[in-house]
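The values are calculated or read from the model by the stated rules, or taken from the named source; none is laboratory data. Keep in mind it's a predicted model, so treat the numbers as computed, not measured. Don't worry about glycine lacking a Cβ; one is built from the backbone with ideal geometry, like all the others, and counts go over all protein chains shown.
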Amino acid sequence: MSAETKFRLTYATMYNPPDELHTRFEEEVNKIRANLGQDYAMFIDGQDRFVDEKFEKRSPINTDQLLGTFQKGSAQDANDALAAARKAAKTWNRMPWQDRVALVHKAADIIDERVFQIGAVISLEVGKNRMEALADAAESADLMRYAAIQMEENDGFVVKMEKDPLEGYDATNYSVLKPYGVWVVISPFNFPAALTGGPVGAALVAGNTVVMKPATDTPWTSRLLAECFRDAGFPNGVVNYVTGPGSTLGQALIDNPEVDGITFTGSYDVGMNIYKSFAASQYPRPLILEMGGKNPAIISRNADLERAVQGVYRSAFGLQGQKCSAASRLLVEEQIYDEFLSKLTEVTKGLNLGDPTEKENFLGPVTNEAGYNDFKTFSEELSDAGEIVTGGKVRVDGDYGKGYYCEPTIAKNVPMDHRLWKYEMFLPITMIHKVSSLDEAMEIANDVDYGLTAGFYGNNEEAKWFFENIEAGVTYANRPQGATTGAWPGFQPFGGWKGSGSTGKNAGGHYYVQEYMHEQINTTIE
Ligand code: NAD
């Protein structure tokens, strides 16, 4: 991250940052708070675009705070952005890959330079605590860089193949990966930098032009990213940014035949609808879906309980449980169930909930009113069906009343056929269950439609068994930094199995940037 420090911020290192990170973050938050309420444009074909209809973005920390107004883009704006991307693709697709890679590196460097500004906006916009927010911004640059480096290390994915065994002719065969053309990136609210910048960076490195559409809860962060791409000097139309509702502007992007490929990150329901509607076209086109999770953590009787508690609370309640990788199901062997639960409860009760821009707060508000209302409904449902061990309430006293503050919540004794064992709540709620064996835990762990992340605490032999049997794309054993969360490009490429993802290849890994290209064989006979 910053040039002055050797410290490298990731979701695993963020628990011990140098002081400099705190002071620079605070300076940025103060600067931004003094200048709220501006009107932010879309960015189409190299130009800012303002339209008559706007939507307000208020902070979940305090809904009296208007962060800014954003453009309520229409289907026409979506189509204009795609037309600009199509026009720009003619030259961008054919540009030497080295030039594209250089521009993506430049954009990543600009994000690094602005990491405190972007992090401060994420904190205000999403409600992330300061380290989570800074890491989201830093991850977007690292994801872009990872795709660029993959391209460099693979020499642009131009591979000389063997010669055909021809008599009297000399054949030269090359396999070349080439861009598809125009790519759409639709991102969720919870990682507005990483899950916008990452796919956009990979699509660009691969040679596609891009239209990016953030969630309506998080238009500001993506505007800042669009500015980083603009300032890196991408030609007009190569990176476009549109804002507006998913159901209108988003759907217009999906329905437009100009689109050659899509990366969607978001919920299972929306993702599966896109999967179906994108298939209704003349021919198949690539669709990278990254969807939800219902991630288990299995705790064996041989676990180091301190470590398990630390990993579990971080993954269950980090970002208020609004991570696709959140630990939402805890399966604990009966021998240590009581001790584990009592330790976890104690730590959970001690977590600070409040303004996430303040250093001492681990949890901020949930990001939107729908989540806040869901929290009340789910808490009631869980308390009726089982028992709330701690939490279960929203905070409304004093300043809390102006934001969406939900207590970190543990529910026990909920019957295993209850719907919430399989439903992604996406809130600071985790459910715990006593198992009589690890085999029983594994059966429950795999008995969901999702397969994103999973965690395990136990001895080494058990950990090996866990890796062999668990059905998930990102799995961890004995990790205090997070039972199921905290993947970082290059270390833990991120993606899911089953209903959690469509490609079986993880972002920020060896096989990712290739998904944005199709193969062409060039055979020449002398
Ligand atoms: P969401 O599905 O509600 O929205 C995601 C995006 O899709 C938003 O930009 C939204 O505007 C857009 N959208 C909605 N309807 C659309 C339509 N008809 N056409 C086109 N676009 C449309 O998800 P969310 O609430 O923003 O994010 C939370 C979800 O994302 C959770 O389910 C979480 O697990 C998932 N997620 C997955 C990953 C992963 O890597 N697998 C990462 C982060 C979040």
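Mind checking which residues of region 80-138 are out of contact with any Gly (no Cβ under 8 Å at 6 or more places or on another chain) and of a type in the set (Asp, Glu)?
80, 99, 109, 112, 113, 125
Can you go through 347, 332 and tell me which one is without any contact (Cβ under 8 Å) to a residue 40 or more places away in the chain and among the hydrophobic types (A, V, I, L, M, F, W, C)?
Being without any contact (Cβ under 8 Å) to a residue 40 or more places away in the chain and among the hydrophobic types (A, V, I, L, M, F, W, C) holds for just one of 347, 332, which is 347.
Would you be able to tell me the number of residues in region 208-218 that are closer than 12 Å to residue 43 by Cα and within 14 Å of the ligand (Cβ to nearest atom)?
Adding up the residues that qualify gives 3.
Here are some residues: 450, 476, 457. Which one is within 26 Å of residue 371 (Cα to Cα), not assigned by TED's automatic domain parsing to the domain that holds residue 264 and not charged (D, E, K, R)?
Being within 26 Å of residue 371 (Cα to Cα), not assigned by TED's automatic domain parsing to the domain that holds residue 264 and not charged (D, E, K, R) holds for just one of 450, 476, 457, which is 450.
For residues that are in a loop (DSSP other than H, G, I, E, B), without any contact (Cβ under 8 Å) to a residue 12 or more places away in the chain and not small (Gly, Ala, Ser), tally how many sit in region 22-36.
Qualifying residue count, region 22-36: 1.
Provide a single number: the residues in region 185-207 that are of a type outside the set (Val, Ile, Thr), assigned to a helix (DSSP H, G or I) and within 12 Å of the ligand (Cβ to nearest atom).
Looking only at that region, the number is 4.
Has region 249-263 got any residue that is among the hydroxyl-bearing types (Ser, Thr, Tyr), assigned by TED's automatic domain parsing to the domain that holds residue 434 and buried (at least 24 other Cβ atoms within 10 Å of the Cβ)?
No: zero hits.
Could you list, in sequence order, all residues of region 156-182 that are at positive phi and either assigned to a helix (DSSP H, G or I) or more than 26 Å from the chain's Cα centre (by Cα) (or both)?
156, 157, 168
Looking only at region 264-296, count how many residues are within 11 Å of residue 501 (Cα to Cα) and among the polar types (S, T, N, Q).
2
So which of 176, 182, 126, 159 is away from the ligand (no atom under 13 Å from the Cβ), of a type outside the set (S, T, N, Q) and crowded, with 20+ Cβ neighbours inside 10 Å?
Going through 176, 182, 126, 159 in turn, just one is away from the ligand (no atom under 13 Å from the Cβ), of a type outside the set (S, T, N, Q) and crowded, with 20+ Cβ neighbours inside 10 Å: 182.
Starting from region 237-250, take each residue that is within 15 Å of residue 207 (Cα to Cα) and modelled with pLDDT of 95 or more and list its partners that are buried (at least 24 other Cβ atoms within 10 Å of the Cβ) and among the aromatic types (Phe, Trp, Tyr), counting only C-beta distances under 6 angstrom and pairs at least six apart or across chains.
These pairs meet every condition: 238/92; 239/229.
Here are the criteria: (1) outside any loop (DSSP other than H, G, I, E, B); (2) more than 15 Å from the ligand (Cβ to nearest atom); (3) touching a Pro at 6+ places or on another chain (Cβ under 8 Å). Tell me which single one residue 312 does not satisfy.
Residue 312 satisfies every listed condition except (3).
Determine, yes or no, whether residue 5 is of a type in the set (Ser, Thr, Tyr) and modelled with pLDDT under 95.
Against the criterion (of a type in the set (Ser, Thr, Tyr) and modelled with pLDDT under 95), residue 5 qualifies.
Residues in region 257-293 that are out of contact with any helix residue (DSSP H, G or I) (no Cβ under 8 Å at 6 or more places or on another chain), among the charged types (D, E, K, R) and touching a residue at least 24 places away in the same chain (Cβ under 8 Å): how many?
1
Across region 37-46, what is the number of residues that are free of Cβ contacts under 8 Å to residues at least 40 places away in the same chain and not small (Gly, Ala, Ser)?
Residues in region 37-46 being free of Cβ contacts under 8 Å to residues at least 40 places away in the same chain and not small (Gly, Ala, Ser): 2 in total.
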